[in-house]
Each structure stands twice: as C-alpha cells, then as structure tokens.
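Undergrad: Following this message is one structure expressed as structure tokens.
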Amino acid sequence: MEEIDPFYGVSVFIAAGRAGSFTKAGEKLGLTKSAVGKAVSRLEERLGFKLFHRTTRLTRLTADGETYLAACLLAMQEITAAQTALASKSQILSGRLHIDMPVAFGRRVLLPVLMEIVRPHPNIHLSLSFTDATSDLLRDDVDLAIRFGRLGNSSHLVARHLATQQRVICASPSYLRQHGTPQTLGDVEGHRCVVGMVNGPPLQWSVREDLTDRLFTPPATHQLSDGEAMVDAAVAGLGLVQLPISLLREKLAAGSLEPVLTSYADAGVEVNAVWPHRGQLSPRLRYVVDQLVTFAAQGRLN
C-alpha cells in the first residue's frame, strides 16, 4: 500500500488560511478553486477534523483550523531558519557585526573565541565594545550582546543560553591574614567587601542557604564598575569579592586569591547571547551565534 505523504495539502491549506479564500489561494498557487478545495478536504480527512467553515459566500477557519494554521506557520519558520543556517555554512559571509560584552569576560574568554570564529570568513568585520554596564541594544545599534544573569521579560529581545558559570567568593591571602576568614554570611558584616555598581557588576551576592538560592547584600566598602578592576582590588587586599569563575581562575590557581564561604556556593550564573528581535537573522549573525553555542558546548566559555 502506498504510504500517504503526511505533508500533502499543507502548503495549500496555509495559502488558503492566509488568504481567507480558496479562490485567492488558487490564484497564488496556480490552481483552480476546486483543486484547492479537494486538497483541503483530503487534509481534513487525514487529520480527522474540519479546518474551514464553508458557505457559498464565505470561507473561514474553524477553531481547530486556526490552531493548526498557527502550528504550520511556526513549523515553516523553523524550516526557513534551518535552511538559512545550513546555507550560511557554504556561502561567503560578509558585513559588519557589533558585539557588546562584559569587560573581563570579553577580553579573557570571548575575544580569542571570536577570533577563531571569524578567521575563516575574512569579509565579516567586527565592532567589539567592552562594558560592564547594561547597554540598550536598539539605541546603541548592537547586533549581539553577551550578558551574565537571567534576563528580564522583554518582547524585543531574543536570548540563547551559552553556559552556566560558578560564582566564587574569595579574597587575597594578605586580607584573610589581617581580617580573618569568614565562616558564615553573618561574619561578612564585619568584613570589607568589593562590589559592583548600579547598571554594572552586581551590588549583591548570589548565595545558596538551606538549599535555596537568594541574594545577600554585603557591605559596599568599595564599589567598582569594572569586573577586571574588582579582581585587581581583591588581589590588592581591599576585601572580599564574588565574581564568575572565568574572571578568577588564573588568580585562584596562582594563589593570589583564596576561596571562602564555599558552602554557600549557588547554582551559578547564566551566560546568554542576546540580540534584538528583528525577524530573520542575518546569515553572519546566525553563524556567529551558532558557533558560540558550539564553543560553549566544548567548555570554551566556562
């Protein structure tokens, strides 16, 4: 028995659903009104429910038809996106891409990765901005931003999760010798701390206590707007600091910083690629995002 094509008639249905008329759909597809009606009827027969209310004067979608049309349109968007992504692998990618990223993470981790990503495509031109302040992607004409932390609800932004980084609370050995090592969060109240600023690195720490993640506000002895500067300040003995592991790994390995309060380590901070919602992604942006996801899966963004 010949296998029935599960997608037979779907494109005809989409055209009819969008046009609201079998006649108009036929004109667009080069089919007669009768041929459109027969294709839709066969699709309805296979699905087991009616897609259209039909009268001599009116053709309109049923409730099931509206739901099915929405699902079909979403599937078509996914197929189009996949085709664009695959085509971008073989085409010559060109144009300028403005990428905004945190200072320390951008310089230490992302910059080497981006150099590898664009090397095979010399016609992609990068504009890289490094800031720990949260920029307005639309106002600042940013194509792609890398952000730490969960994103608030925003209808004009699209996000892709890249990695989750451990946060570490630490201090220099000289600071701990002078001020002692805190054992509890309560002890922190008697310590000096290095924190961020509004619209910059966080003013609060993210901690886990009694199996629950929560925000803790340490003393804001020193406030800095740059993650790299926060690391330097902690190494210089100015106080306790909490930052993602990628900013601290070298200093911890060298013994310039020592972790403290490790029992309060939380679930980690998300690293996301974020871009303005502008419909179909340009091939160069899709290529860079896909490559960042691949590098992240290899642990290169941890």
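Bear in mind that the values in this text are calculations on the coordinates, not laboratory data. All values reported here derive from a predicted model rather than from experimental measurement. We place every Cβ from the backbone using ideal geometry, glycine too, and count neighbours over all the protein chains shown.
Undergrad: Separation between the residue 141 and residue 33 pseudo-spin-labels, each 7 Å from Cα along Cα→Cβ, expressed in nm?
TA: My value for the distance between the label points is 5.2 nm.
Undergrad: Counting other beta carbons within 10 Å of each residue's own, what order do 8, 68, 175 fall into, fewest first? Please list the in-between numbers first.
TA: Details: 8 12, 68 21, 175 24.
Result, fewest neighbours first: 8, 68, 175.
Undergrad: Report, in deg cm²/dmol and to the nearest 500, the calculated mean residue ellipticity at 222 nm for the chain, where each DSSP H run with n ≥ 4 adds -39500 (n - 2.57) and the sum is divided by the residue count. Kindly include the intermediate steps, with their values, before the conclusion.
TA: On the way: 10 runs with 114 residues, N = 302.
One gets -11500 deg cm²/dmol as the mean residue ellipticity at 222 nm.
Undergrad: Can you tell me the order of 114-126, 198-210 when each peptide is scored by its average per-residue count of other Cβ atoms within 10 angstrom, highest first?
TA: Details: 114-126: 14.5, 198-210: 16.0.
Sorting 114-126, 198-210 by mean packing, highest first, produces 198-210, 114-126.
Undergrad: Rounded to the nearest 5, what % of DSSP beta bridges with both residues in the chain are antiparallel?
TA: Details: 26 of 38 bridges.
The antiparallel fraction comes to roughly 70 percent.
Undergrad: If you take the beta carbon distance between residue 232 and residue 64 as r and set R0 to 41 Å, what does 1/(1 + (r/R0)^6) give as a FRET efficiency, to the nearest 0.05? Walk me through the intermediate numbers first.
TA: Working: r = 63 Å, r/R0 = 1.53.
With a Förster radius of 41 Å, E is 0.05.
Undergrad: Please compute the contact order of the range 190-289 in relative form: average sequence separation of alpha-carbon pairs under 8 Å and at least six residues apart, divided by the residue count, as a percent. Mind showing how you got there, number by number?
TA: Values: 115 pairs, mean separation 26.4, N = 100.
Worked out over the range 190-289, it gives 26 percent.
Undergrad: By how many nm would the segment from residue 115 to residue 221 lengthen if fully extended, with 0.36 nm per residue of separation less the alpha-carbon distance? Provide the component values of the computation, followed by the final result.
TA: On the way: separation 106, 0.36 × 106 = 38.16 nm, distance 3.77 nm.
Stretched out fully, the residue 115 to residue 221 stretch lengthens by 34.4 nm.
Undergrad: Tell me, what does the Kirkwood hydrodynamic radius of the chain come to in angstroms if you use every pair of distinct C-alpha atoms?
TA: Details: mean 1/r = 0.0429 Å⁻¹.
Kirkwood radius, the chain: 23.3 Å.
Undergrad: Another question, if that's okay. What percent do you get for the relative contact order of the chain when only Cα pairs under 8 Å and 6+ apart count? It would help to have the intermediate numbers written out before the result.
TA: Details: 483 pairs, mean separation 63.5, N = 302.
Here the relative contact order equals 21 percent.
Undergrad: Here's something else I'd like to know. Looking only at 234, 163, 63, which one moves most when the chain is put into a Gaussian network model with springs between Cα atoms under 10 Å?
TA: 63
Undergrad: Once the piece of chain linking residue 107 and residue 166 is laid out straight, how much longer is it, given 0.36 nm per residue of separation minus the C-alpha distance between them? Before the final figure, lay out each step's value.
TA: Details: separation 59, 0.36 × 59 = 21.24 nm, distance 1.86 nm.
Working it through step by step, the gained length comes to 19.4 nm.
Undergrad: Take peptides 251-264, 215-228 and line them up by average Cβ neighbours within 10 Å, highest first, as a rough protection proxy.
TA: Listed from highest to lowest mean packing, they are 215-228, 251-264.
Undergrad: Viscosity 1.306 mPa s, temperature 10 °C: what is the translational diffusion coefficient of the range 155-212 from Stokes-Einstein with a Kirkwood Rh over Cα pairs, rounded to a whole number of µm²/s?
TA: Details: Rh = 14.6 Å.
This corresponds to a translational diffusion coefficient of 109 µm²/s.
Undergrad: Starting from the Cα gyration tensor of the range 10-89, multiply each eigenvalue by 5, take the square root, and state the resulting semi-axes largest first in whole Å. Before the final figure, lay out the partial values.
TA: Numbers: eigenvalues 129, 44, 22 Å².
In descending order, the three semi-axes are 25, 15, 11 Å.
Undergrad: Another question, if that's okay. Any chance you could run the full-extension gain for residue 178 through residue 126? It's 0.36 nm times the residue separation minus the Cα-Cα distance, nm to one decimal. It would help to have the intermediate numbers written out before the result.
TA: On the way: separation 52, 0.36 × 52 = 18.72 nm, distance 4.61 nm.
Extra length available between residue 178 and residue 126 comes to 14.1 nm.
Undergrad: With the dipole of the range 167-267 worked out from charges on the C-beta (+1 for Lys and Arg, -1 for Asp and Glu) around the Cα centre, which of 173, 191, 217 lies farthest toward the positive end?
TA: Working it through, the farthest residue towards the positive pole turns out to be 173.
Undergrad: Could you estimate the translational diffusion coefficient of the range 167-267 from the Stokes-Einstein equation, with Rh from the Kirkwood formula over C-alpha pairs, at 10 °C and 1.306 mPa s, in whole µm²/s?
TA: Working: Rh = 13.3 Å.
Answer from the Stokes-Einstein relation: 120 µm²/s.
Undergrad: In debye, nearest 20: dipole of the chain around its Cα centre with unit charges on the Cβ of K, R (+) and D, E (-)?
TA: Values: 31 positive and 29 negative charges, 241 e Å.
So the magnitude is around 1160 debye.
Undergrad: Quote the charge dipole size of the range 167-267 about the Cα centre in Debye, to the nearest 20; the model charges only the Cβ of Lys and Arg (+1) and of Asp and Glu (-1). Walk me through the intermediate numbers first.
TA: Values: 7 positive and 11 negative charges, 26 e Å.
For this selection, approximately 120 debye.
Undergrad: How far apart, in nanometres, would the label points at residue 53 and residue 75 be if each is projected 7 angstrom from Cα along the Cα-to-Cβ direction?
TA: It is 2.5 nm.
Undergrad: If a helix is a whole DSSP H run, which ones in the chain reach 20 Å or further along their own axis (Cα) and hold a mean Kyte-Doolittle hydropathy of at least -1.0?
TA: 33-47, 63-90, 283-297
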